[in-house]
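The values are calculated or read from the model by the stated rules, or taken from the named source; none is laboratory data. In this text, all values refer to a predicted model and were calculated from it rather than measured experimentally. With ideal geometry, Cβ positions are generated from the backbone for all residues, glycine too; neighbour counts draw on all protein chains shown.
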Amino acid sequence: MMIAVVNQKGGAGKTTLSVHLACYLHDLGLKVALVDNDPQQSASGWISLAEPGIHCRTLLEPAALVDGVQQLESTHDIVIADGAPRLNEQTHVLMYFARQILIPTRATTLDVQATLTTKDSIDRVREARIADGRGDLDVRIILNFVRTVGNLHELMRTSLRSLKQPLANTALSMRDAFAKAVTHQTVVTRMKEPGAQAAARELKQLFTEVLPHELVQLNQAA
């Protein structure tokens, strides 16, 4: 099974979500691989220090992705893919082979517009999957870096729901703990300070809501 984290716009928090999801599932006892499809390779550098037990491969070309993803799925329980900061041929390959697609987005008008562009692209991939007999896609949009002050995120939430988009109920707050996790090459679910623990609770709530059923059962038992 593969979960792909994608968006048309950079800075949405794809790498942060990908690394945290990979480490979280690893800590639940799953054999996890991470595919880094971002030329900057931020996920590769982060995960190699945060959790060496997670196998990470940088796959940038479409042909390498097709072969690499299928090989990793055959040898791992779950594959997490960190997509490039744009939609391209490689991103479409990831979306085609994924069981689930997560789209993190900031709560701004420009970011939501980019998210809708991403969703349109996913819908075209979905049609190809169904035509090829691969089945439908589970897609979830996640509001990320939400500020506790102001109501812009609520306006964006209302806008996405009015457009009948698959928005997760759980949003991720803007927290210093995520930046500290990058600095210390770890993840918030392994940090002890109160701010990190609050972020970890939010992540677990999100994962319980959006992940496929068999992964949710593991998450709830943790």
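Number of residues in region 123-150 that are in contact with a strand residue (DSSP E or B) (Cβ under 9 Å, 6 or more places away or on another chain), among the hydrophobic types (A, V, I, L, M, F, W, C) and either modelled with pLDDT of 90 or more or in a loop (DSSP other than H, G, I, E, B) (or both) equals 7. Within the set Leu72, Leu21, the sole residue that is closer than 24 Å to Thr108 by Cβ and of a type in the set (A, V, I, L, M) turns out to be Leu21. When region 127-157 is filtered for residues that are free of Cβ contacts under 8 Å to residues at least 12 places away in the same chain and either more than 23 Å from Arg175 (Cα to Cα) or among the basic types (Lys, Arg) (or both), the ones remaining, listed by number, are Glu127, Ile130, Ala131, Asp132, Gly133, Gly135, Asp136. Count of region 94-118 residues, restricted to those that are free of Cβ contacts under 8 Å to residues at least 60 places away in the same chain and within 14 Å of the chain's Cα centre (by Cα), is 0. The number of residues in region 25-71 that are aliphatic (A, V, I, L, M), touching a residue at least 40 places away in the same chain (Cβ under 8 Å) and more than 17 Å from Thr91 (Cα to Cα) comes to 7.
The numbered conditions (1) at pLDDT 95 or above; (2) in a helix (DSSP H, G or I); (3) surrounded by 20 or more Cβ atoms within 10 Å (Cβ to Cβ) are all true for Met95 except (1).
In the set (1) touching a strand residue (DSSP E or B) at 6+ places or on another chain (Cβ under 7 Å); (2) under 21 Å from Ala43 (Cα atoms); (3) touching a residue at least 40 places away in the same chain (Cβ under 8 Å), the condition left unmet by Leu87 is number (1). Taken over region 179-210, the criterion of being in contact with a helix residue (DSSP H, G or I) (Cβ under 6 Å, 6 or more places away or on another chain), under 18 Å from Thr15 (Cβ atoms) and not aliphatic (A, V, I, L, M) is satisfied by Gln185, Thr186, Thr189, Phe207. Of all the residues in region 78-92, those that are within 18 Å of the chain's Cα centre (by Cα) and either at pLDDT below 95 or at positive phi (or both) number 9.
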